[in-house]
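Here's the structure we're looking at; comments come further down.
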Amino acid sequence: MQSNKNFVVGIFDDEDVLLDAVEKIRGNGVRIDEVYSPFPVHGLDEALGYRRTRLPIASFMFGITGTILALFTQTWMLGYDWPMDIGGKNHASLPPFIPVTFEFTVLCASFGIVITFLIVSNMKPYSWPRSYDIRSTDDKHVMAIDLAHNKLSKDEIGRLLKDSGASEVNEKNF
Amino acid sequence: MQVTSTLREPLVTGGKTVRDVSEDISRQVEGKPTSLWWIAFGISSVLFLFGAYCFWILLWNGVGVWGLNKTIGWAWDITNFVWWVGIGHAGTLISAILLLFRQRWRMSINRAAEAMTIFAVICAASFPLAHMGRLWIGPVWSLPLPNTFGSLWVNFNSPLLWDVFAISTYFSVSLLFWYMGLIPDFAVIRDRAVRTGHNVRAAIYNALSFGWSGGAKTWMRYESVALILAGLSTPLVLSVHTIVSMDFATSVIPGWHATIFPPYFVAGAIFSGFAMVLTLLLVTRKLFHLEDYITIYHVELMNIIIIITGSIVGIAYITEFFIAWYGQVPAEQYTFINRAFGPYWWAYASMMTCNVISPQLFWFKKIRTNLVATFIISIIVNIGMWFERFVIIATSIHRDYLPSSWSMFYPTFYDVGQYIFTFGLFFCAFLLFAKYFPVINMAEVKSILKSTSEKK
């Protein structure tokens, strides 16, 4: 991580103003680092130009692993490792294996996706997030713009933020 | 900008701002517990400790301290187990199924309902664990782990084993879903603690929130995870009570051996679950002054679900009777006549009155929007659902195939004690949750505030 980073931080009160502002600011060629919100703002990810998350694919992969593992384990245990003769019925048949297979699929898919989410979002119990403005979990939407990534000057970006409806424009150094 | 019907009633009243939501919900986490909370917690702890004593006696002496006999091998234990599992279902229905249907009224009640699910499943699990007798090995033997007997594996053909998988998956996935919802709200409390200089509290809630930042990218992933968990939990919740019902339906006992059981049990589970959600939320809303977030409109919508599921359950009761007659199997016919007119007629009559007749009162708008009436009926429904399970379980087996084996079930002190134990556990856990965790999902309520709240 670079030391001594300079950020211009725009504070927005309203999510609809924020969405328009994101369009306008990006339209002016300014690179927005990230927008921090107290709640999910629909359409913000598209406005910021983020690619759709591939987490659903990951979840499917975990799920299918669970399915295969559960089917294999049950068939191997009851059909091969210790076959039991119960009323002359098949040692291993598919229908009674479905419930456990289904439950194990759900278990793997759910835990898999949550763990993946924590890893890709770099979330750990002992890490503190960088706080651009402490109110971003309360009622303000906080837009962070890194000066090092932009050609425009601090004042120009500040003016642009004000023009697009930011209620406050602050500076933050890390 | 979302378009909302002007005909719908507002979901949040009192002209709340986003700021007010953080303030109202976090305040009770940050402040000292009220005396009312201490009284409630004290009573619950007494129930818990008394129950824990009974549980200990059970473990020390064995299942013989219960009133089970040779004919009735399953009675209160499994009744209570099914009852508690059923109660848990409303939480997942609210958080998962209503999320998929985009029902926004779920947002102020889902947190508490999911907490209820988790505690109810723990209470439920305590019964089969206790019934296994040796608590220290039972849970291990029910898992497919290598052992020194061969390895001799568990029997995957048995519905009881399916139940082990269903309940443990249900518990862990519900816990995960609930915790995911809590993460952004823990961050709210953390940042409030940072601002007021409570460093220890800030560190604790930061750890609980996994260092949540609230960036747009994280929110995007977070919403995707929530949607997938909802999609996975929906078939899961339906599967759980289906599998619970298969404990009975796959047997050959008249009165249990019925293909109607899975849908019938699922409807009953949601029915009793919503009743318990109402009982708890009506108290929580008063205790923590949440009248603006859990409005009469929420109560009314939940009561409508109670009418629907209660009526499905009623139809299931009648269908069972019809099929018993139509199927022309003498043993089956006898079981059903014996249920309604035999020695357990009073249990059957209580079940019918509480479950089929009482929810029909909610057809009247005056009753379903009246909090006192709702509270009373919600408790009646829960009593009725307990009787339903008792009727299905005990009356089907108390008349064995040989009249010399006919028997009755009388609960002992320890049967009652074990039931009280779960009540103590449930209410202690719920009160601790309501005090130290945000009882309402702040992030979700904030997101709908602009479009569905009452303006000042």
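Worth pointing out:
- Test: residue in region B:307-320 that is over 30 Å from B:Val252 (Cα atoms) and either in contact (Cβ under 8 Å) with a residue 60 or more places away in the chain or surrounded by fewer than 22 Cβ atoms within 10 Å (Cβ to Cβ) (or both): yes
- Test: residue in region B:412-433 that is among the hydroxyl-bearing types (Ser, Thr, Tyr), over 25 Å from B:Phe119 (Cβ atoms) and not in a loop (DSSP other than H, G, I, E, B): no
- Residue selected from region B:11-37 under the condition under 26 Å from the mean Cα position of the chain (by Cα) and in a helix (DSSP H, G or I), by the criterion nearest to the other protein chains (Cβ to nearest Cβ): B:Ser26
- Inside region B:371-422, residues that are touching a His at 6+ places or on another chain (Cβ under 9 Å) and either on the phi > 0 side of the Ramachandran plot or not polar (S, T, N, Q) (or both) make up a count of 3.
- Check on B:Val391, in contact with a helix residue (DSSP H, G or I) (Cβ under 9 Å, 6 or more places away or on another chain), part of a loop (DSSP other than H, G, I, E, B) and buried (at least 22 other Cβ atoms within 10 Å of the Cβ): no
- Selection from region A:1-11 of residues that are touching a helix residue (DSSP H, G or I) at 6+ places or on another chain (Cβ under 9 Å) and part of a loop (DSSP other than H, G, I, E, B): A:Gln2, A:Lys5
- Selection from region A:94-103 of residues that are out of contact with any Pro (no Cβ under 9 Å at 6 or more places or on another chain) and within 16 Å of B:Ala230 (Cα to Cα): A:Glu103
- When region B:233-292 is filtered for residues that are out of contact with any His (no Cβ under 7 Å at 6 or more places or on another chain), among the hydroxyl-bearing types (Ser, Thr, Tyr) and free of Cβ contacts under 8 Å to residues at least 12 places away in the same chain, only B:Thr259 remains.
- Residue satisfying all of: in region B:190-209; surrounded by fewer than 22 Cβ atoms within 10 Å (Cβ to Cβ) and facing another protein chain (nearest Cβ under 7 Å); nearest to B:Phe433 (Cα to Cα) among these: B:Ala207
- Qualifying residue in region B:207-219 (condition: closer than 17 Å to B:Ile118 by Cα and among the aliphatic types (A, V, I, L, M)): no
- Checked against the criterion of being out of contact with any strand residue (DSSP E or B) (no Cβ under 8 Å at 6 or more places or on another chain), within 12 Å of chain A (Cβ to nearest Cβ), buried (at least 19 other Cβ atoms within 10 Å of the Cβ) and not aliphatic (A, V, I, L, M), the candidates B:Ser126, B:Ser174 yield just one match: B:Ser174.
- Residue in region B:53-64 that is at pLDDT 85 or above, outside any helix (DSSP H, G or I) and more than 25 Å from the chain's Cα centre (by Cα) present: yes
- Yes/no for B:Ala187 being touching a strand residue (DSSP E or B) at 6+ places or on another chain (Cβ under 6 Å), crowded, with 20+ Cβ neighbours inside 10 Å and either more than 7 Å from every other protein chain (Cβ to nearest Cβ) or of a type in the set (A, V, I, L, M) (or both): no
- Qualifying residue in region A:71-88 (condition: surrounded by fewer than 21 Cβ atoms within 10 Å (Cβ to Cβ), more than 9 Å from chain B (Cβ to nearest Cβ) and either under 28 Å from B:Ser174 (Cα atoms) or touching a strand residue (DSSP E or B) at 6+ places or on another chain (Cβ under 8 Å) (or both)): yes
- Check on B:Glu300, acidic (Asp, Glu) and at the interface with chain A (Cβ under 9 Å from one of its Cβ atoms): no
- Hits in region A:38-63 (condition: in contact with a Leu (Cβ under 7 Å, 6 or more places away or on another chain) and at negative phi): A:Val41, A:Leu44, A:Ala47
- Scanning region B:210-243 for residues that are at the interface with another protein chain (Cβ under 7 Å from one of its Cβ atoms) and among the aliphatic types (A, V, I, L, M) returns B:Ala216, B:Met220, B:Val225, B:Ile228, B:Leu229, B:Leu232, B:Leu236, B:Ile243.
- Evaluation of B:Ile137 against (1) of a type outside the set (Lys, Arg); (2) crowded, with 22+ Cβ neighbours inside 10 Å; (3) out of contact with any helix residue (DSSP H, G or I) (no Cβ under 8 Å at 6 or more places or on another chain) (one fails), failing number: (2)
- Candidates A:Ser136, A:Ser121, filtered to the one that is over 30 Å from B:Thr148 (Cα atoms), crowded, with 17+ Cβ neighbours inside 10 Å and in contact with a Pro (Cβ under 9 Å, 6 or more places away or on another chain): A:Ser136
The values are calculated or read from the model by the stated rules, or taken from the named source; none is laboratory data. What you are looking at is a predicted structure, and each value in this text was computed from that prediction instead of being measured. Neighbour counts run over all protein chains shown; Cβ positions are idealised from the backbone, glycine included.
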